[in-house]
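See below for the structure under consideration.
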Amino acid sequence: MPDMIKSPADLKTAPFDARFPNQNQTRHCYQSYLDFYRCQKVRGESYEPCNYFKRVYKSLCPNEWVDKWDTQRAEGTFPGRI
């Protein structure tokens, strides 16, 4: 099990966000990914509240997208502003 999940009770999906009212959650996924890395950039990697955004994007985003975005960030070609 991933280290964020310590018991079955920890399995949760992303809560409702009024900015993204439609069923298509692509923008919510992408925005949460950006928010997580922006939060870490501003507050530092040890700031615990940033992990909220990580849980949301891990819940909503396909793993292939996250892998691609991580690779792009590492190469300096990520299109988003973090």
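To two decimal places, what compactness ratio does the chain give when its Cα radius of gyration is scaled by 2.2 N^0.38 Å?
Details: Rg = 13.1 Å, N = 82, 2.2 N^0.38 = 11.7 Å.
Taking N as the residue count of the chain, the ratio is 1.12.
Quick check: residue separation of Arg43 and Trp65 times 0.36 nm, minus the Cα distance between them. What number comes out in nm?
Details: separation 22, 0.36 × 22 = 7.92 nm, distance 2.47 nm.
Difference between extended and current length: 5.4 nm.
Mind grabbing the accessible area of Lys68 for me, 1.4 Å probe, Å², rounded to tens?
120 Å²
Any idea how many Lys pairs in the chain come in under 23 angstrom at the alpha carbon, given 8 or more places apart or on separate chains?
Summing the qualifying lysine pairs gives 9.
Under a 1.4 Å probe, what is the accessible area of the chain per residue, stated in Å²? Numbers along the way, then the final one.
Values: 6240 Å² over 82 residues.
Here the residues of the chain average 76 Å² of exposed surface.
Please report the carbon-and-sulfur percent of the accessible area for the chain; probe 1.4 Å, protein heavy atoms only, DNA, RNA and ligands left out.
Details: 3130 of 6240 Å².
Roughly 50 percent of what the probe reaches on the chain is carbon or sulfur.
The values are calculated or read from the model by the stated rules, or taken from the named source; none is laboratory data. Source: prediction; values computed, not measured. For the accessible areas, the whole protein counts, side chains as well, though only heavy atoms, and no ligand, DNA or RNA atoms are used. Shrake-Rupley method; radii C 1.70, N 1.55, O 1.52, S 1.80 Å.
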